[in-house]
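Shown next, in structure tokens, is the structure this report addresses.
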Amino acid sequence: MIKFLDLQAVNARFEPALREAMQRVLSSGWYVLASECEAFEAEFARFCGADQCVSVANGLDALVLTLRAMGIGPGDEVLVPSNTFIATWLAVTQVGATPVPVEPVEATYNMDPACLGAAVTARTRAIIPVHLYGQPAELDPILAFARERGLRVIEDAAQAHGARYHGQTIGARADAACWSFYPGKNLGALGDGGAVTTNDAALAGRLRTLRNYGSSTKYHHDEIGSNSRLDELQAAILRVKLAALPGDNARRAAIARAYDAGLADLPLVLPTVPPHIDPVWHLYVVRHPRRDMLARRLAEAGVMTVIHYPVAPHLQPAYATLGIARGTLPLAERLQDEVLSLPIGPTQSDAETAAVVRIVRDCVGAL
């Protein structure tokens, strides 16, 4: 069986350095908001080309606290992709605002800037483009649209660690960028973790207060805050893995190129990458109208795949109260029925990649 992502193999490469990092934390006597966290924040901010990095407990909290820090709440609307993991929508809902879906560009699956005008209202306060599958959304037109209307832009960069847009690393173009360090991400912890990068010092200061019980001075609480702190152990682990991230991303790109070459003549829709974008290939997503049959045949032949994502957010029971009827967002609904993610990861061998290509070719040909 070719695993979709072999996390055990991914992390085994770092075992001596991870043990050293863990021992360093154990010996320090400081386990929350101390030197490892401060060092990781500085290193990740530098990696992203941002002035500030504020670490938090997970990627959802990064989005929620950023919306709160911007004063977005009940009565406000936030434009979100119709095609995304539900966390993007949940963050908006958790601050009391309303998510308003925007359909994607079919070629890239990311938010379509041309659809923003039809979605914006007098209540719109922000836009959250998602860099889906590790490929940056079209930030320039989204930012131009937002600036003309006084809207905030928050990048959901949970899948895009190290991705580049017009040669610039993601994480410092918009008002803020929100990150997840869930173990399966390109930069993954050994548990949950998240962060926000920004060039706005005031926003970063408010985020630091909100993540720590609304407190900037111990036992003095300026507002209703949260407990959302990246612990020292995960920060130390992320520091080890951050150093290897460029090489891991390059390995993912090599696998993507092999898939592009080996599958190009099949009746599959392969990923489209505009020339000004450098994705990090968090996922390699293909499309086929008989996706479920293809996935079953691949599994029978020993190739694990995953569907990202099988139910669009507006069709989830959690969002039934929004009353967005089936058929309202046809592209998101078509994608949920056709997308399939092939195995990809930094430890996947050339032989495994060649086997995936061979087996996909056999299975597609037999449909």
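The values are calculated or read from the model by the stated rules, or taken from the named source; none is laboratory data. Predicted model only: the values in this text are computed from it and were never measured. FYI the Cβ positions are ideal-geometry reconstructions off the backbone, even for glycines, and counts take in every protein chain you see. Remember, those area values only see protein heavy atoms, side chains included, never the ligands or the DNA or RNA. Shrake-Rupley method; radii C 1.70, N 1.55, O 1.52, S 1.80 Å.
Some values worked out for this structure:
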{"quantity": "Strands (runs of 3 or more DSSP E) lying entirely in region 164-223 (those with 1 or more residues that are open to solvent by 10 Å² or more (accessible area, probe 1.4 Å) and of a type outside the set (Gly, Ala, Ser))", "calculated": "215-217"}
{"quantity": "Near pairs, Cβ below 7 angstrom, 6+ apart or cross-chain, from region 1-20 (over 14 Å from Gly345 (Cα atoms)) to any residue that is open to solvent by less than 100 Å² (accessible area, probe 1.4 Å)", "calculated": "Met1/Gly302; Met1/Met304; Phe14/Val240; Phe14/Lys241; Ala17/Val240; Leu18/Ile237; Leu18/Val240"}
{"quantity": "Within region 10-104, strands (runs of 3 or more DSSP E) holding 1 or more residues that are within 19 Å of Gly193 (Cα to Cα) and under 20 Å from the mean Cα position of the chain (by Cα)", "calculated": "52-56"}
{"quantity": "Unmet requirement for Leu187, which otherwise passes all of (1) in contact (Cβ under 8 Å) with a residue 60 or more places away in the chain; (2) within 15 Å of Ala160 (Cα to Cα)", "calculated": "(1)"}
{"quantity": "Filter pass, Ile255 being open to solvent by less than 30 Å² (accessible area, probe 1.4 Å) and at pLDDT 95 or above", "calculated": "yes"}
{"quantity": "Condition met for Tyr165 (hydroxyl-bearing (Ser, Thr, Tyr), under 22 Å from Ala250 (Cα atoms) and in contact with a helix residue (DSSP H, G or I) (Cβ under 8 Å, 6 or more places away or on another chain))", "calculated": "yes"}
{"quantity": "Pro310 vs. criteria open to solvent by 50 Å² or more (accessible area, probe 1.4 Å) and either hydrophobic (A, V, I, L, M, F, W, C) or within 29 Å of His161 (Cα to Cα) (or both)", "calculated": "yes"}
{"quantity": "Residue under evaluation Ile154, criteria (1) out of contact with any Gly (no Cβ under 9 Å at 6 or more places or on another chain); (2) under 18 Å from Val64 (Cβ atoms); (3) open to solvent by 10 Å² or more (accessible area, probe 1.4 Å), criterion not met", "calculated": "(3)"}
{"quantity": "Test: residue in region 320-329 that is assigned to a helix (DSSP H, G or I), of a type outside the set (Gly, Ala, Ser), open to solvent by less than 60 Å² (accessible area, probe 1.4 Å) and without any contact (Cβ under 8 Å) to a residue 24 or more places away in the chain", "calculated": "no"}
{"quantity": "Test: residue in region 121-144 that is surrounded by fewer than 19 Cβ atoms within 10 Å (Cβ to Cβ), of a type in the set (Val, Ile, Thr) and either under 19 Å from Ser82 (Cα atoms) or more than 12 Å from the chain's Cα centre (by Cα) (or both)", "calculated": "yes"}
